[in-house]
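Below is one structure, written out as structure tokens; comments come after it.
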Amino acid sequence: MPDQCPSCGHTWLGDEITVGLLKTGCYSLLTAVEAAAQYGWTPENRKRFNEHVLFIEPMFSRHNFWLCLKCEKFHHWYDGEYVWVPREIVNDILHDDDTLAVSQWLAEHREEQSRET
């Protein structure tokens, strides 16, 4: 996953995983380090959480997507290419957490999407 949106350039990097876990108030330093290790964090590889982006895995499509919360544009998971999705579908996801709507729309337009990839 890239560190920023391919369309608007907004960063998707959040806190280092251990810092993000400590901020919740539910972890001691030791348990935060242990939990972060489950995400692949090590002192040598200080991975970060991603913020300002949603990962969408449609039920009826073989394609996965990111939705940038800054510019509200969809991008293919694998190559980062922009994918046009109707505004009402984006609104359903942002306001109602309705990923079923995008799943159904992508299924109906699968042929168009596969030609674009």
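Numerical summary
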quantity: Residue ID - surrounded by the most Cβ atoms within 10 Å (Cβ to Cβ), chosen from residues in the stretch 1-23 that are in contact (Cβ under 8 Å) with a residue 24 or more places away in the chain and of a type in the set (A, V, I, L, M); calculated: 17
quantity: Enumeration of residues in the stretch 2-24 that are among the hydroxyl-bearing types (Ser, Thr, Tyr) and not in a helix (DSSP H, G or I); calculated: 7, 11, 24
quantity: Residues of the stretch 25-34 that turn out to be in a helix (DSSP H, G or I) and surrounded by fewer than 16 Cβ atoms within 10 Å (Cβ to Cβ), as a count; calculated: 4
quantity: Neighbours by Cβ (under 9 Å, 6+ apart or cross-chain): first from the stretch 46-57, over 21 Å from residue 34 (Cβ atoms) and part of a loop (DSSP other than H, G, I, E, B); second acidic (Asp, Glu) and modelled with pLDDT of 80 or more; calculated: 51/15
quantity: Qualifying residues in the stretch 1-51 (those that are of a type in the set (Asp, Glu) and within 29 Å of residue 71 (Cα to Cα)) - the one nearest to the chain's Cα centre (by Cα); calculated: 51
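Residues are listed down the side, and each one gets a yes or a no for (1) among the aliphatic types (A, V, I, L, M); (2) out of contact with any Leu (no Cβ under 6 Å at 6 or more places or on another chain):
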site	(1), (2)
5	no, yes
10	no, yes
26	no, yes
30	yes, yes
48	no, no
51	no, yes
64	no, yes
74	no, no
79	no, yes
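The values are calculated or read from the model by the stated rules, or taken from the named source; none is laboratory data. Every value quoted in this text rests on a predicted model; they were computed, and no experiment measured them. All Cβ positions, glycine included, derive from the backbone under ideal geometry; neighbour counts span all protein chains shown.
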